[in-house]
1. Rg to Rh ratio, region B:48-104, alpha-carbon atoms and Kirkwood radius?
2. Rounded to the nearest 10 degrees, what's the angle between the helix B:167-191 long axis and the longest principal axis of chain B, both from Cα atoms, 0 to 90?
3. Report, in whole Å, the centroid distance computed from the Cα atoms of region B:107-124 and region B:161-193.
4. What do you get for the angle between helix B:90-120 and the principal long axis of chain B? Use alpha-carbon atoms, 0 to 90 degrees, nearest ten.
5. If each residue's Cβ is checked for other Cβ atoms within 10 Å, how do B:197, B:140, A:71 rank with the fewest at the top?
6. Per 10 Å bin, what is the whole-percent P(r) computed from every C-alpha pair distance within the protein assembly as shown?
7. Hey, quick one: spin label on residue B:2, modelled 7 Å out along Cα-Cβ, who in region B:141-164 has an amide N within reach, i.e. under 20 Å?
8. Calculated from DSSP H runs of 4 or more alone, at -39500 (n - 2.57) each and per residue, what is the 222 nm mean residue ellipticity of the protein assembly as shown, nearest 500?
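Just so it is clear, none of the values below were taken in a lab; they were calculated from the coordinates. For clarity, every value in this text was computed on a predicted model and none was experimentally measured. Ideal geometry is used to build each Cβ from the backbone, glycine not excepted, and the neighbour counts take in all protein chains shown.
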């Protein structure tokens, strides 16, 4: 790709603007973490949204993804698919709970709370010999 | 023996890219999976844990915030180094690339202080799952910073001779090194909130 000097000067201005934006957003990330949000879900979502905006700025402007060849977009799209799987698997595992308990499959060795209505039976036998 | 690597300056007709550019992006894609799988392990460890320590009691948020600013600044000096070459200003390039390298040194110094503080409090990777993955992720990231500094240092010092002989190829090298360096910054952008703030 050939750039004229004028293009480069424009690009430099965008770099400076992104720099300022990234510093402000870093402040936002830290500031937001001190706000007491009740739900952990809200905190995670907020932190990841801000991080996502920062990452997008770096990728689009500093890494020139804003105007890149389609082959690179295809490669990154494929990477994104695998990344979703990499995050999907643990989340899927996490949702796979033993029915009627608050525990997960891999906690099977841990003593699990009795199911509602079976409290008396569980108290008498204490797990063994089912 | 001097083998000419094809398509390091002109774009390959079928990809529309120089081969180093395509190469670094494919490498970065594999890096996404490396860090991605560790982040995913973190999610699994934390969501499956009966007990998870309050992270902010263990980590040093002011130092990490400072390091975030250092790394973001170094990304800016890196693109400025590339832009300076595009404007044929080699002296400005040396300045910005030198600053990028120094920012890397600064990041590692701050990281060392942070680690020393952890060891002082007897926090080791074996202490608990959080500290284990904290050292794993920040350590792997720090190794990436060191790797980038080696390349940046080479391009600032001995490697800069290429500017005289093959300027276009040199500009491309700086751009490719920059892509890697920005990726290291990008990883930190996610590491920082996940390990320090949440």
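1. 1.34
2. Between the helix axis and the principal axis of chain B, the angle is about 10 degrees.
3. First find each Cα centre; the distance between them is then 28 Å.
4. Helix B:90-120 and the main axis of chain B meet at about 20 degrees.
5. Arranged by neighbour count, lowest to highest, B:197, B:140, A:71 become B:140, A:71, B:197.
6. 5, 22, 29, 21, 12, 6, 3, 2, 0
7. Residues B:155, B:158-164 qualify, since their backbone N sits under 20 Å from the label point.
8. Working: 11 runs with 228 residues, N = 328.
Rounded to the nearest 500, the figure is -24000 deg cm²/dmol.
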